[in-house]
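Here the structure is laid out as structure tokens; the discussion comes afterwards.
What follows is calculated from the coordinates using simple rules that are stated; it is not laboratory data. Computed from a predicted structure; not experimentally measured. Note: ideal-geometry Cβ built from the backbone for every residue, glycine included; neighbour counts use all protein chains shown.
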Amino acid sequence: MTIAYVGDMNDGVSFSAHVEYREDVPFAYVHGPESVDAGAAVAWARARADKVIVRVGGDRFSAGKQPAGDLPDWVGPTAPATKATAPSEPTAWRVEAHINWLRPDTEDVAARFAAALGDQPGASGVGYDIRDFGLAVWFLIRALRLDANEVASHLLRSAWTATGIEAMPGTDFDVTSMSVRAAE
């Protein structure tokens, strides 16, 4: 089950959000907006998951369509405090993703993953490397800033699925990470 999380940035004013897709595949975690008001973070989370958990300080609340256990309902804002401005034009972003691969077939997995990424509409300039921890892949995307992490994560999950590689977390792979930076 997909769950979205919203949390204050230890000040009760600025919030961030992320989604956990609860899939046993790499890159099932998507970073959302950061340093936004509570309403903007909750609205982003609700658009992506039926179950939303909001944390403010040490308190937790349920803010989704589906209740989150016995947490009290969120009574805070559910829409951005300021009127959204028109989004800017999509820009180029460089994505680098890592998988701490625990099996001896790292080279084959990296090559298949990179090939599958290259077949994904919206990904270009794909490459890969074998590192001490496992494998790294990189590629370019065009997206709005607010959407770049989500677009990159979707491409990574779609490409992984397309490889047909069977892998279990903790047995075949461990930590995955992704960075998205403005392309030079």
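Here are the numbers:
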item	result
Relative contact order (%) - criterion: Cα under 8 Å, at least six apart; region: the chain	22
For segment 41-52, Karplus couplings with θ = phi - 60° (6.51, -1.76, 1.60), whole Hz, Gly/Pro x	5, 5, 4, 4, 5, 5, 6, 10, 8, 6, 10, 10
Other-chain or far-sequence residues with amide H under 5 Å of LEU144's (modelled H)	THR91
Sum of side-chain charges, ARG131 neighbourhood, beta-carbon under 13 Å (Lys, Arg +1; Asp, Glu -1)	-4
Structure-based [θ]222 nm, the chain - -39500 (n - 2.57) summed over DSSP H runs of at least 4, per residue, nearest 500	-7000 deg cm²/dmol
Nearest 10 degrees, 0 to 90: helix 145-163 Cα axis against the chain principal axis	40
Packing-based order for 135-146, 62-73, 42-53, using average beta carbon neighbours within 10 Å, highest first	42-53, 135-146, 62-73
Sparse-neighbourhood loop sites, GluC sites (Glu not before Pro) in segment 1-104 - DSSP loop, at most 16 other Cβ within 10 angstrom	GLU23, GLU34
Alpha-carbon centroids, segment 13-65 and segment 126-184: separation in whole Å	21
